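Laboratory data are not the source of any read-out in this text; all were calculated from the coordinates shown. Source: prediction; values computed, not measured. Glycine gets a Cβ as well: all are built from the backbone with ideal geometry, and neighbour counts include every protein chain shown.
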Amino acid sequence: MKPFDIIRPSSGGVVKPAEPITLEVTRARGDDPFGPYVLSPQLATTVNVALALEQPLLVTGEPGCGKTALAWAVAAQLGTRVLEFHTKSTSVARDLLYQVDSLRRFHDASTGDPRAKDAGTYLAYRALGEAIRSSTTTVVLIDEIDKAPRDFPNDLLNELDRMAFDVPDVEPPLSFRATAKHFVLITSNSERRLPMPFLRRCVYAHVEFPDAETLAKIVELHCGAPSQSFAALAVRRFLELRATDGLVKAPATGELIAWVRVLQRIGIDEARLAALPLGELPALETLVKMLDDLRTVRAG
């Protein structure tokens with residue numbers, strides 16, 4: 001596959017192309033919870049566009065397709081770390097920057113602890129805030145932003161544009177502005193539409209479901225190098241299952257990897273795997289996660 005130039009922030013803060021390297025497969029780093037990652041040429045190019053423009057990359061795709069793991073793939077190529085923020089339905093924009101433990105401060109004040117007079121004692125920086133304060137490049141992951149209240153993305157516009165933030169909760173107030181370049185990766189499962197002003201500030205990528213050849217490569221990388229014929233067969237049966245009419249949640253890449261690992265552990269041979277009807281595939285519950293879908297597959 002043709003290599004792609006990944007854009008590295010230089011020590012002087014100027015973004016410039018590094019030596020050509022491939023983003024096709026990224027091996028695991030010591031702090032990488034996901035392992036090898038296979039990128040399509042289009043996704044690799046889009047990552048480089050976001051790095052060159054210094055804009056957040058918004059990534060959509062079905063659950064289990066590798067949106068979150070992409071952060072570690074980019075971090076491994078940049079030789080840096082990932083700062084994670086996992087969005088909740090109660091998240092507010094400030095949570096991504098910093099938090100003040102008001103409950104602990106109130107407890108300390110009620111016991112006469114003199115530390116309670118200084119709010120800075122209870123101040124902790126979160127993913128984006130920690131990145132902005134960092135003197136070295138980081139990858140910031142804002143995971144599943146569509147879970148947050150609607151105002152959450154718009155409340156981050158200034159901070160993402162300026163890569164700066166204020167902390168008015170302490171005395172004297174604090175202000176920070178980034179001195180290094182950072183890559184911000186935002187994932188969404190498209191459960192709701194994001195605000196237009198927020199979308200305008202992002203580079204966008206959609207992770208398409210991999211083809212059979214790419215899926216076989218992913219299986220070989222993640223599952224202890226099974227034989228090519230076994231990997232191809234497992235992918236073929238997986239795609240047959242995925243194509244079943246009426247599924248509410250089709251299995252994704254994450255389920256495929258888990259399923260193949262189970263098949264290896266229980267020692268299923270290729271002849272049996274090829275002959276079984278879909279509804280009798282071993283460890284079917286690894287692939288199908290809803291009762292209605294399980295009934296649909298077993299009904300054949």
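Annotations for the structure displayed:
- Quotient of Cα Rg and 2.2 N^0.38 Å for the chain, N being how many residues it contains: 1.18
- Positive-end ranking of Ala148, Asn189, Gly120 along the dipole of the chain, with charges on Cβ about the Cα centre, is headed by Gly120.
- When each of Lys147/Lys249; Lys147/Lys217; Lys88/Lys289; Lys181/Lys217; Lys117/Lys147; Lys67/Lys217 is checked by Cα-Cα distance, pairs over 25 Å: Lys147/Lys217; Lys181/Lys217; Lys117/Lys147
- Among the trypsin sites (Lys or Arg not before Pro) within the range 83-147, those in coil by DSSP and having at most 14 neighbouring Cβ atoms inside 10 Å are Lys88.
- Note on the range 86-227: antiparallel DSSP beta bridges, both residues inside, total approximately 60 percent of the bridges counted.
- The loop-placed GluC sites (Glu not before Pro) in the range 133-230, going by DSSP, that have at most 12 neighbouring Cβ atoms within 10 Å of their Cβ come out as Glu191.
- His206-Lys88 FRET efficiency (beta carbon distance; Förster radius 30 Å; 0.05 resolution): 0.80
- Three-way shape call for the range 198-300 based on the alpha-carbon gyration tensor, with the a/c threshold at 1.5: oblate
- The antiparallel fraction among DSSP beta bridges confined to the chain stands at about 45%.
- Centroid-to-centroid, using Cα positions, the range 41-120 and the range 167-222 are 10 Å apart.
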